1. Please return the longest stretch of the chain lacking exposed loop sites, where GluC sites (Glu not before Pro) count only if DSSP places them in a loop and at most 15 other Cβ atoms lie within 10 Å.
2. Let me understand region 1-105 better: what is its radius of gyration from the alpha carbons, and its Dmax, in angstrom?
3. Per the helix-only calculation at 222 nm, which mean residue ellipticity applies to the chain, given -39500 (n - 2.57) for every DSSP H run of n ≥ 4 and division by its residues, nearest 500 deg cm²/dmol?
4. Let's see if you can work this out: charge +1 on each Lys and Arg Cβ, -1 on each Asp and Glu Cβ, no other charges. What is the dipole magnitude of the chain about its Cα centre, in debye to the nearest 20?
5. Considering only lysines 8 or more places apart in sequence, or on different chains, count the pairs in region 1-122 whose C-alpha atoms sit under 21 Å apart.
6. Testing the spin-label approximation: label points 7 Å from Cα along Cα→Cβ at THR75 and GLU36. State their distance in nm.
7. Between SER4 and GLN54, what length in nm is gained on full extension when 0.36 nm per residue of separation is reduced by their alpha carbon distance?
8. Which of the DSSP-defined H helices in the chain satisfy a minimum axial length of 18 Å, computed from C-alpha atoms, and a minimum mean Kyte-Doolittle hydropathy of 1.0?
Amino acid sequence: MIKSKRYICLDYGDRRIGIAFSDLTGTIASAYEVYERTSLEEDLQYLVNLIQNQGATKIIIGLPLNADCSEGQRTVLTKEFGKQLKDRCGLEVDYCDERYSSLEADELLKRTKKSWQERKKILDMVAAQIILQDYLNTKN
């Protein structure tokens with residue numbers, strides 16, 4: 001029996017978290033949803049439930065590095081969130097450089113001829129998909 005490699009990827013932000021999942025082989029990333037944040041406690045509980053319900057085996061979080069690859073305050077906050085999520089669900093957390101993922105996601109979405117308001121609603125989950133696919137391509 002083949003061991004499942006279902007990864008969840010989070011594009012962590014102040015107001016929203018973009019979410020993507022891989023297929024069961026850990027090969028193809030798919031956008032899943034945009035979660036509107038409420039409180040840290042509720043956010044963590046929502047994600048733990050989602051991780052368990054979807055059978056995720058590993059957590060990937062986009063790491064917001066500065067243009068020169070240095071870490072800033074946003075990076076520190078993201079890593080702290082990742083640590084808290086790991087403590088809650090016990091899964092390994094890995095980070096993937098997310099620089100320019102939102103820009104790339106918006107460029108892809110522009111091709112759909114959607115308005116900025118329509119693109120903004122799904123931008124974070126498409127960014128999470130791009131981050132996860134980059135991670136999968138690097139690991140495979």
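The values are calculated or read from the model by the stated rules, or taken from the named source; none is laboratory data. The model shown is predicted, which means the values in this text are computed figures rather than measured ones. No Cβ is skipped: glycine too gets one built from the backbone with ideal geometry, and neighbour counts run over all protein chains shown. Ligands, DNA and RNA are stripped out before the accessible areas are found, and what is left, the full protein with its side chains, is counted by its heavy atoms. Shrake-Rupley method; radii C 1.70, N 1.55, O 1.52, S 1.80 Å.
1. 1-70
2. Rg, Dmax (Cα atoms, Å): 13.5, 44.
3. -15500 deg cm²/dmol
4. In debye, rounded to 20, the chain gives about 380.
5. Lysine pairs, 8 or more places apart or on different chains, close enough: 11.
6. 3.3
7. Stretched out fully, the SER4 to GLN54 stretch lengthens by 16.9 nm.
8. Numbers: long enough: 40-54 (21 Å, -0.36); 73-89 (24 Å, -1.14); 116-139 (34 Å, -0.37).
Taking the DSSP H segments of the chain (at least 18 Å long, mean hydropathy at least 1.0), we get none.
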